[in-house]
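Shown next, in structure tokens, is the structure this report addresses.
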Amino acid sequence: MPFQIPDNIHPSCAPLAWLLGTWRGNGQGDYPTIDGFKFGQEMLFQQDGRPFIHYMSRAWIEDDEGNVVREAAQETGFLRPQEDRTLEVVLAHNLGFVEVWHGEIHADQPRFEIVTDAIARTGTAKEYTGGKRLYGYVEGDLLYAYDMAAMGQPLQPHLWARLQRQ
Ligand code: HEM
């Protein structure tokens with residue numbers, strides 16, 4: 001069924017309407033301090049007419065044949081698009097991080113980019129200090145790339161994935 005924009009969507013959220021719904025797909029990850037890996041991921045983006053989108057994600061590590069090896073990262077939070085197309089985001093992670101992000105929703109294309117403004121970590125969380133995310137809607141799929149600065153390393157790719165609407 002083709003994607004339908006909800007009637008009650010807040011005007012601030014309309015430029016992000018392409019995100020709404022449930023997505024499932026696959027990606028790869030890497031970092032200088034760890035071995036490369038493949039993962040599966042499910043994402044949910046929901047709105048209720050107010051000027052925010054609630055986001056939830058869970059991921060699992062997969063082997064080369066696509067079998068589930070173990071559960072992996074989970075994150076949830078809120079996208080708060082503003083009328084001037086700036087985007088505020090707050091996220092909380094099972095890894096013990098909370099983040100405040102800011103960015104921009106692209107004027108002509110279905111994509112947005114956000115960078116971390118502030119990160120707080122619990123006492124036992126790993127040393128994660130910065131992030132940058134790019135999301136885009138390409139040929140009906142959701143593509144994203146996530147760069148992070150952590151473990152004393154400069155900002156560089158940790159994840160990239162492609163998800164299909166369910
Ligand atoms: C799809 C989501 C993600 C997957 C599948 C994933 C997977 C992994 C894997 C397999 C490792 C290697 C160590 C381990 O097994 O725990 C790792 C390390 C790490 N990840 Fe992720 N990750 C994801 C998202 C994130 C996010 C969103 C952050 C930051 C907010 C993050 C931060 C880190 C850090 C700091 C390390 C430690 C690196 C080290 O110990 O040297 N990851 N990740």
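Please treat every number below as a calculation from the coordinates, not as lab data. Note that the structure is a prediction, hence the values are computed from the model and not measured. Positions of Cβ are backbone-derived with ideal geometry, glycine not excepted, and every protein chain shown enters the neighbour counts.
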Intensity falloff of the stretch 1-60 expressed as log10 I(q)/I(0), Debye formula with alpha-carbon point scatterers, at q = 0.20 Å⁻¹:
-0.78
Could you compute how fast the chain diffuses translationally, taking Rh as the Kirkwood radius over C-alpha pairs and applying Stokes-Einstein at 20 °C with viscosity 1.002 mPa s? Give it in µm² per second.
130 µm²/s
Mind giving me the FRET efficiency for Y31 and E139? R0 is 45 Å, r the Cβ-Cβ distance, nearest 0.05 is fine.
0.95
Among 88-100, 54-66, what's the highest-first ranking by average C-beta atoms within 10 angstrom per residue?
88-100, 54-66
